[in-house]
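Below is one structure, written out as structure tokens, with a few remarks after it.
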Amino acid sequence: MSKRSRGDEGRTATNTFLRGKIYWARFQVGGKEFRGSLSTSHGPTARKRAREWREREIGAAKFGEDRKTYQDAVAAWTPHIITQVGPSTAERYAVSLKQLEPNLLPLFIDEIDKTVIGEIVRDRRAAGATTATIRRDLTALSSVIEFAIDEGWRGEDESNPALRRLKKLKERRDPIILPLAEDIAYVIARAPGNFARMIEAARDSGCRQDELVKSERRLLDRERRQLTIRRKGNQFRTIQLSDQAFAGMASIPAHLTGKWLFWHGNGEPYRNASARFNELVKSAQKAAQAEAREFRPMTFHHLRHFYSVWYLKNGGNIYTLQQHLNHKSITTTELYLEFLTPEEAARAKGGPSQNPAQLERFDTA
């Protein structure tokens, strides 16, 4: 004779009960009864397994043999999304979905609910992802789910949990972390080939990582010392380079057949540059610990902060910097003023526009 476990009153949705010390589940889906052991004596685990089992059976009854897994949905969605967005956006979506695979690969597409999305957000935060990155990840997943709904692999009455969480997940501005010149040099010393030059270029120009990865040699103007950057939507903008930034870029040998400014191997661009940089920083951190040396970890984007503060401290105008960094609002650029003395800040806001090539370089040795 089975008996309901103590404390299970009010939990009839999962229909768990004890047989001896082991939990079992019993429920009906589509007029068919399901009963079986949950192989655990832990109440919360049993309820979770029973709920997941019941949801799987509901999905099987609803979608039959044509029930699609998350992997099936992504495979069908990929050629579709390439026709809807630009190559850079499609590539960014692919990177985001790769990050989410540990949470989603075991699931059917109709099993992705708000609980799964909540676990994704928690795991991404635990991995150090910023709110902005998590929003990008959920945007990619939301696109896959919308596609699945259109294909009939999820019910039309089912909401898109990724989209709902995305709307609630307010993007907060992460505090600016300013790396030290000696720590940047410590990382560069461990970087191979042209990747070291890319790090130097970020430090000396303030360019974003993807802007440098996609830089083409033909767009480096040696006479004017300018770099034309490819933006989203195949648009371009041109920036003036400091003497040090230009010298570093101009010194990179051209590949015989490749078009990229920063290349490796057979003239290929550096893909997954962020992951490469993070590995370098981890290596530098371990080396610093072995040497009993202080070292402050950084991301590739922190190099942009370093350049911005250097520019302002050396007499640069904040409105010129706004244009150089391609900030939509001057409010974003003004965040760098907190790293300046009152005198430096007043000069940055009121001084004349300065060409980066005319400014004295920080010692980065």
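For the reader, a short list of remarks on this structure follows.
- The order of 249, 198, going from fewest to most other C-beta atoms within 10 Å of their C-beta, is 249, 198.
- Take the Cα of residue 268, step 7 Å toward its Cβ, do the same at residue 129, and the gap between the two points is 2.5 nm.
- Segment 181-358 - percent relative contact order, Cα under 8 Å, separation 6 or more: 23
- Residues whose amide H falls under 5 Å from that of residue 69, counting only those 5 or more places apart or on a different chain, are 109, with hydrogens built in the peptide plane.
- Only Lys, Arg (+1) and Asp, Glu (-1) charged, at Cβ; segment 70-168 dipole about Cα centre in debye: 740
- Computed about its Cα centre, the charge dipole of segment 262-343 is approximately 260 debye, with only Lys, Arg, Asp and Glu carrying charge at their Cβ.
- Segment 70-168: translational diffusion in µm²/s, Stokes-Einstein, Kirkwood Rh over Cα pairs, 25 °C, 0.890 mPa s: 182
- For segment 70-168, the relative contact order comes to 34 percent (Cα pairs under 8 Å, sequence separation of at least 6).
- Whole-Hz Karplus values for segment 262-275 come out as 9, 10, 8, x, 8, x, 7, x, 7, 8, 6, 4, 4, 5 Hz, taken residue by residue from phi with 6.51 cos²θ - 1.76 cosθ + 1.60 and θ = phi - 60°; glycine and proline positions read x.
- Annotation: extensible slack from residue 150 through residue 328 equals 60.6 nm (criterion: 0.36 nm per residue apart, minus Cα-Cα distance).
- Cβ-to-Cβ counts within 10 Å put 183, 110, 243 in ascending order as 243, 183, 110, the fewest first.
- Note, ³J(HN,Hα) from phi for segment 215-229, Karplus 6.51, -1.76, 1.60, rounded to Hz, x at Gly and Pro: 5, 9, 4, 5, 8, 8, 8, 6, 6, 8, 6, 10, 10, 8, 9
- Footprinting exposure proxy for 133, 333 (fewest neighbouring C-beta atoms within 10 Å first): 133, 333
- Selection among 196, 260, 325 by position relative to the dipole of segment 181-358 gives 260 as farthest towards the positive end (Cβ unit charges, Cα centre).
- Within segment 181-358, all pairs of alpha-carbon atoms sorted by distance into 10 Å bins from zero give the percentages 9, 36, 35, 18, 3, 0.
- Once backbone amide H atoms are built at 1.01 Å from N, residue 229 has 237, 238, 239 as its partners under 5 Å, excluding neighbours fewer than 5 places away on the same chain.
- When the Cα positions of 212, 241, 288 are compared along the charge dipole of segment 181-358, 212 comes out farthest toward the positive end, with charges on each C-beta of Lys, Arg, Asp and Glu.
- For segment 228-258, trypsin sites (Lys or Arg not before Pro) meeting the loop criterion (DSSP other than H, G, I, E, B) and having at most 15 other Cβ atoms within 10 Å: 231.
- For segment 112-251, averaging the sequence separation of C-alpha pairs within contact (under 8 Å, six or more residues apart) and dividing by the residue count gives a relative contact order of 16 percent.
- FRET E, pair residue 176, residue 45, Förster distance 56 Å, beta-carbon r, rounded to 0.05: 0.85
- 5 angstrom amide H check on residue 216, placed H, neighbours 5+ away: 261
- Net charge over other residues, Cβ less than 12 angstrom from the Cβ of residue 288 (K, R count +1; D, E count -1): +1
Computed from the coordinates by the stated procedures, all read-outs in this text should not be read as laboratory data. Only a predicted model underlies this, so the values are computations on that prediction, with no experimental measurement involved. Ideal geometry is used to build each Cβ from the backbone, glycine not excepted, and the neighbour counts take in all protein chains shown.
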